[in-house]
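Encoded as structure tokens, the structure appears first; notes follow it.
The values are calculated or read from the model by the stated rules, or taken from the named source; none is laboratory data. Just so it is clear, the structure is predicted and the values come from calculations on it, not from any experiment. We place every Cβ from the backbone using ideal geometry, glycine too, and count neighbours over all the protein chains shown. Keep in mind that these areas ignore ligands, DNA and RNA; they rest on the heavy atoms of the full protein, side chains included. Shrake-Rupley method; radii C 1.70, N 1.55, O 1.52, S 1.80 Å.
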There are 4 protein chains.
Amino acid sequence: MNDWLRTGIGASDADSITLMGRDLANDLMGKVTLTELTFLLVQKRMPSEQETRLLDAVLVSLADHGLTPTVLAARLTYTGAPEAIQGAIAAGLLGAGSVFLGVVEDTARFLDEIIAGESDPAAAVAALVESGRRVPGLGHPVHKVEDPRTPRIYAIAEETGLLGDHLRTLRQVAEAHAEQTGRKLPINGAGVAGAALADLGFRPELLRGLALLTRTAGLLGHLAEEREQPIGMELYREVDERARYEPPAV
Amino acid sequence: MNDWLRTGIGASDADSITLMGRDLANDLMGKVTLTELTFLLVQKRMPSEQETRLLDAVLVSLADHGLTPTVLAARLTYTGAPEAIQGAIAAGLLGAGSVFLGVVEDTARFLDEIIAGESDPAAAVAALVESGRRVPGLGHPVHKVEDPRTPRIYAIAEETGLLGDHLRTLRQVAEAHAEQTGRKLPINGAGVAGAALADLGFRPELLRGLALLTRTAGLLGHLAEEREQPIGMELYREVDERARYEPPAV
Amino acid sequence: MNDWLRTGIGASDADSITLMGRDLANDLMGKVTLTELTFLLVQKRMPSEQETRLLDAVLVSLADHGLTPTVLAARLTYTGAPEAIQGAIAAGLLGAGSVFLGVVEDTARFLDEIIAGESDPAAAVAALVESGRRVPGLGHPVHKVEDPRTPRIYAIAEETGLLGDHLRTLRQVAEAHAEQTGRKLPINGAGVAGAALADLGFRPELLRGLALLTRTAGLLGHLAEEREQPIGMELYREVDERARYEPPAV
Amino acid sequence: MNDWLRTGIGASDADSITLMGRDLANDLMGKVTLTELTFLLVQKRMPSEQETRLLDAVLVSLADHGLTPTVLAARLTYTGAPEAIQGAIAAGLLGAGSVFLGVVEDTARFLDEIIAGESDPAAAVAALVESGRRVPGLGHPVHKVEDPRTPRIYAIAEETGLLGDHLRTLRQVAEAHAEQTGRKLPINGAGVAGAALADLGFRPELLRGLALLTRTAGLLGHLAEEREQPIGMELYREVDERARYEPPAV
């Protein structure tokens, strides 16, 4: 035994398995949900019932958005390698970068800066508006007036007593933006999720990870559907038939 | 509107988001857990309270096993690309193949064959034993007498009234093996998980997917730890220092 | 220094880097091509000029097939995470499983069995035909009469004196199939690639890996194009617009 | 035929396959190497013999660095899922992010800014030195005096007449740094590769992709070795045995 590598997550011996300092079989199995276990694994403490309720609501809100690019990538990958479902899920997670799930994280970081006192909502918004950049967490291509997830998260945060600095500041940001531009943009579902997760104590670097967890559930649904009602080959055939080949000059 | 691609999972318009035929904001958020949503996405119906309890117990049992090869792959990947956490998680899932998580699926398929009447437990075990192959779901390198997860899953299945054909047959398989070989092997945690998930109505092809969902939660814990207390570079340095270079003859 | 881990691939110290027993800077850089290095890394010896020519021809033949499912998966992943190109490439490789690149490997294994004397071409074909299964390496959905890659690989194998047992047996297999069924199927590009790689001394388990190497080159071409002339979002929009939502009964 | 999706890379019909406007079988197979094809796919023109020589030298220089974190991730992934080699290769690529292969790209971008006239070498170095940041492309943890790849790339670039603005500017950067700090740092292999690839006309966003191509070759070597002489399980066992479990307080 030396000091080479240390971990606080799990260990096992002949008779028992320990996870986060708890006996897996007796203290966790049958007593906590996957959502509670996730909170414990990341934050190193058990969540309260209220925290679990808000976290579940946020995870449920982010699970799936239909046949998005990342879902299509997973289903097309499954078409080629159905025997290796881990590859299809991995492919479906790999597109969760700056363009798609980045907003969850970007919103939390933006709010963190305001909360840390580096700026106030109005000034932070003004700086973005002036430079022609988007305000993280505002606007949605489909839900132009209101993203239905947003009032629901705020309501649950109120009910659970967990409406904290991030959710509050995000509202001020939206109001400041409407005042400054005369154009009311909705707080989008990714933004409200980022604010709520930050209020739940998760660090910005891990927010995308939480989104990936729930996206994995969504991908399972899509791969179950792809088995029964495949669209991957159909999509490929349509692309192959309709794509126009314009080779470079030789 | 034509018949090109069909999906039953999700859709959205300006005012609402629908998931599995439910209104996401009003019928799912705040009302179902991630575990319940996963059941709904894969099985197309809401689970009962009892089913949710057993499913959560199985998912919790599979979430993490310490610094396993797949966890090490994820943490080493994070070392090189911390800005792309989706890549580290994907890397941690890609090793969940035939050697590691395959047992969950293999056990369910093996039990399916017996239940379908293609064989009986004693004959199915005898065929494997004679040909020198392992019986799926039996034996564990660390838990040589009893895997602590196994009696717990059986107890919860009893309590919830969900102890079905797969779990029952798995017990018969273990008994037949002990009789035939004179050597009592424990039912392992992966095997009991496969049997319980099959009793919950999940098809064998998706069992590995459910295991990947809960492994994603485990990986989040490890990546949160890697941020604070990194071991990736340390592990690399030790390997680099101690590995012996034996080049091929030139 | 102990016997813990051994590797024959690479090592370095303050002044030099060694790869496969050669000095990287002086013996390999500027002297060997990527193709030659790949042969050396896998087979532990330098290829002859003739072997390199055949290997390059096979790799070039497998590099790209237009907007296939794996390419679409890579481009859709890039759409979401352009900052992490490694993720888009990984996604593009993950669909190279049993359905797509599997034929390269399957053909080599099938020929190996015949060459090992377990069967002769006519009997091996008859067994597949009777059971209604496809003969690995024969037939193509687009190139119904002749796959243009096939005669080219045979010609280069002749020219280089490397037409070996696998390529010869594959021809006998095609002839046996035509005789037995009265239907002439072309030897496809994946099959001829598998036979040629096996004649070059590569083991079946690594053939898919060689195909993945050259697919990575193809993916680079597609990602370079996606940067300048993106199709990922366009494809998503079309799917989103035209897909029909048929939710499960609630 | 409409204007939906366009591609210039590949297409095929019953009799022929076209790649980058060339006939695959007759104009490319047997006539170009994988390296030349890669240049063609990314830059849309065939390279000269000299360009190919420099590109091959750079690719060879980046192929492998022994048992690095990304290689370990690939070998550990292979341990769990040997039947899905595409997953092990993908895992080995996913760690090629900001910490490891990022330097190739960072160096090219840094040199681009100087060449574009936004700064001169001395001023650009001074800005970094003052703010305590590292100069991209300088310094190496093992090759403290000279990275053996660097003089070799410069020599080949001279011989081929391809020593361009990026390689020249990188040398000025190294000299400016030595003058300003009194400490001579070597130009490292990743930095010189980035400069040479940029001089060959590749855009910074794709440099990491080229490095991933050649890393795939390196990974194939490691996976071939892992099959014959596995280290994955051995590494796991050592970690499992020696890691110290320090659970969080409950």
(message) Run the label-point distances for D:ARG242 please: 7 Å along Cα to Cβ, every other copy, nanometres, shortest first.
(response) 0.3, 5.8, 5.8
(message) Please list, in order, the residues from segment B:88-117 whose amide nitrogen is less than 12 Å from a point placed 7 Å along the Cα→Cβ vector of B:GLN172.
(response) B:111-117
(request) Just tell me how shielded C:47-57 is by partners: mean number of partner chain Cβ atoms within 10 Å of each residue's Cβ, no decimals. (result) 2
(message) Which one, A:ALA243, A:ILE153, A:HIS177, is farthest towards the positive end of the dipole of segment A:150-250 when Lys and Arg carry +1 and Asp and Glu -1 on their Cβ?
(response) A:HIS177
(request) Would you pull out the residues with amide H under 5 Å of C:GLY10's amide H, same chain only if 5 or more places away, H placed 1.01 Å from N? (result) C:MET20, D:GLY66
(message) Counting only trypsin sites (Lys or Arg not before Pro) that sit in a DSSP loop (anything but H, G, I, E, B) with at most 10 other Cβ atoms within 10 Å, what is the longest stretch of chain D containing none of them?
(response) D:1-132
(request) Counting only C-alpha contacts under 8 Å and six or more residues apart, can you give the relative contact order of segment C:1-151 as a whole percent? (result) 10
(message) Going 7 Å from Cα along the Cα-Cβ axis for the label, what nanometre distances separate C:SER131 from the same residue across the other copies?
(response) 1.3, 6.5, 6.5
(message) To confirm my reading of the symmetry, which residue of chain C has the Cβ nearest the axis that brings C onto B, and what whole-Å distance does it have?
(response) C:ALA84, 2
(request) State to the nearest 20 debye the size of the charge dipole of the protein assembly as shown about its Cα centre, where the only charges are +1 on K and R beta carbons and -1 on D and E beta carbons. (result) 0
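Counting only heavy atoms of protein chains, what accessible area per residue, in Å², does segment A:134-250 have with a probe of 1.4 Å?
Accessible area per residue: 40 Å².
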(message) Per-residue Cβ counts within 10 Å, from other chains only, averaged over A:22-32: what number is that?
(response) 6
(message) Below 28 Å, Cα to Cα, which lysines can D:LYS44 reach? Residues fewer than 8 away in the same chain don't count.
(response) C:LYS31, D:LYS31
(request) Run through every distinct alpha carbon pair of the protein assembly as shown and return the Kirkwood hydrodynamic radius in angstroms, one decimal place. (result) 29.6
(request) Report, for the protein assembly as shown, the % of DSSP beta bridges that are antiparallel, rounded to 5. (result) 75
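Is the shape of chain B rounded, prolate or oblate, going by the alpha carbon gyration tensor and its root eigenvalues a ≥ b ≥ c, with a/c under 1.5 for rounded and a/b larger than b/c for prolate?
In terms of gyration-tensor shape, oblate.
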(request) Output, in nm with one decimal and in ascending order, the distances from the D:VAL142 label point to the matching label points of the other copies (7 Å from Cα along Cα-to-Cβ). (result) 3.3, 4.3, 5.0
(message) Just to be sure I understand: if you take the accessible area of chain A alone plus chain B alone and subtract the pair, with a 1.4 Å probe, what total do you get in Å², rounded to 100?
(response) 7100
